[in-house]
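What follows is a set of notes on a single structure, which appears directly below.
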Amino acid sequence: MIQQQTEPISITKEEIAELPIEEFKGRIFVVLTEKETERAVDYLMKFPLLGFDTETRPSFRKGQRHKVALMQLSTDDTCFLFRLNRIGIPAPLERLLASPEVKKIGLSLRDDFGALRKRSDMEPSNFVDLQNIVGDYGIDAASLQKIYAIIFKKKISKGQRLTNWEADVLTEAQKKYAALDAWACLEIYEHLNNRE
């Protein structure tokens, strides 16, 4: 539990390297069709809070940009990975992203929203960007890895970040990495809220 301090709390890369690695231990479902999207959204709409993140295939050539390939939405114990490079953003998913009833927690959302606009003109609603609130709790960090390490004393490995998110089949390591990022956003938000 973090105590409110006058001195902002930060952490170095060296300190993070010493921490035990966190992993997502819940269920992971990869969503590949519109029908699966509908079922996943029906399930997710029952939750008041969801963790959110996206992944885009990295580009190693100047001027080359890829569209967002994956969207992750997570409850406390279940994460859905929507393969946007296969299904785009179907209407049920747009409905969830625009829903004022379900609060979606992410990090650095402006980048995510910019990427999503290349696939859909839907207006996201009821999103919370952790970068905008962690400062109120004395945390001087902007990255998910640092914020998570400060609060939970565990490390989120970034080993899969630059892998191919448009691959025909995602590896187990990619799935776990993607699920962990969305889930971690939710865990941070719930932890900070429980302190109030």
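Nothing in this text is a laboratory measurement; each read-out follows from the coordinates by a stated rule. Because the structure is a prediction, the values reported are computed rather than measured. Because the Cβ atoms are built from the backbone with ideal geometry, glycine has one as well, and the counts that use them run over all protein chains shown.
Side notes on the structure shown:
- Filtered by the rule that a residue be within 22 Å of Ala184 (Cβ to Cβ), of a type in the set (S, T, N, Q) and touching a residue at least 12 places away in the same chain (Cβ under 8 Å), the range 120-133 gives Asn126, Gln131.
- Selected residue (criterion: farthest from Glu190 (Cα to Cα)) from residues of the range 48-77 that are β-branched (Val, Ile, Thr) and touching a Phe, Trp or Tyr at 6+ places or on another chain (Cβ under 7 Å): Thr56
- Annotation note: of Ala182, Ala167, the sole residue that is surrounded by fewer than 22 Cβ atoms within 10 Å (Cβ to Cβ) and not hydroxyl-bearing (Ser, Thr, Tyr) is Ala167.
- Candidate set from the range 185-196 (those that are of a type in the set (Asp, Glu) and assigned to a helix (DSSP H, G or I)); member that is surrounded by the fewest Cβ atoms within 10 Å (Cβ to Cβ): Glu190
- Residue list for the range 33-51, restricted to those being surrounded by fewer than 20 Cβ atoms within 10 Å (Cβ to Cβ) and either among the hydroxyl-bearing types (Ser, Thr, Tyr) or in contact with a Pro (Cβ under 6 Å, 6 or more places away or on another chain) (or both): Thr33, Glu34, Glu38, Tyr43
- Considered as a group, the residues in the range 20-47 that are part of a loop (DSSP other than H, G, I, E, B) and in contact with a strand residue (DSSP E or B) (Cβ under 6 Å, 6 or more places away or on another chain) include one that is farthest from Tyr177 (Cα to Cα), and that residue is Leu32.
- When the residues of the range 35-61 are filtered to those that are under 19 Å from Lys118 (Cβ atoms) and without any contact (Cβ under 8 Å) to a residue 24 or more places away in the chain, the one that is nearest to the chain's Cα centre (by Cα) is Ser59.
- Filtered by the rule that a residue be in contact with an Asp or Glu (Cβ under 9 Å, 6 or more places away or on another chain) and outside any loop (DSSP other than H, G, I, E, B), the range 151-178 gives Ile151, Phe152, Lys155, Gln174, Lys176, Tyr177, Ala178.
- Single residue of the range 68-93 satisfying the filter (under 17 Å from the mean Cα position of the chain (by Cα) and charged (D, E, K, R)) that is surrounded by the most Cβ atoms within 10 Å (Cβ to Cβ): Arg83
- A count restricted to the range 81-119 and to residues that are part of a loop (DSSP other than H, G, I, E, B) and either farther than 22 Å from Asn164 by Cα or in contact (Cβ under 8 Å) with a residue 60 or more places away in the chain (or both) stands at 6.
- Some residue of the range 65-78 being acidic (Asp, Glu) and part of a helix (DSSP H, G or I): no
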